[in-house]
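This report refers to the structure that appears directly beneath it.
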Amino acid sequence: MMKYDLTLAKIRNTNFASLYDRFIVGEKLSQKQYEILLAIAICFTNADDTNVQKLGYRIIVEYCN
């Protein structure tokens, strides 16, 4: 299994935060945006950093709910 050297600090330096914010507040996203978000979540769950892993799991759980 491939591990990713991701940290919350590295993630903050990307455009992920704006997509994640829109997702968390319940804004309607396009199919492509959901696909991107879930692909990112899978990468997060495979990260070395425990906090990043938890964020990945949270995205998946929120999406499923």
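Taken together, the values in this text are just the output of simple stated rules run on the coordinates, not laboratory data. The structure presented is a predicted model; accordingly, all values stated were derived computationally and were not measured.
Points worth noting:
- Cross-link partners of K10 among aspartates and glutamates (Cα-Cα below 12 Å; sequence separation of 8 or more within a chain): D49
- Entry for semi-axes √(5λ) of the Cα gyration tensor in Å (calculated from the structure that is shown) out of [x] 79, 18, 5; [y] 28, 12, 9; [z] 19, 13, 10: [z]
- Hz values of 3J(HN,Hα) by residue in region 38-46 - Karplus curve (6.51, -1.76, 1.60), Gly and Pro given as x: 5, 5, 5, 4, 5, 4, 4, 5, 9
- Per residue, the chain reaches -20500 deg cm²/dmol at 222 nm when only DSSP H runs of four or more residues are counted, each adding -39500 (n - 2.57).
- Computed extension gain for Q53 through T7, at 0.36 nm per residue and net of the alpha carbon distance, reaches 15.6 nm.
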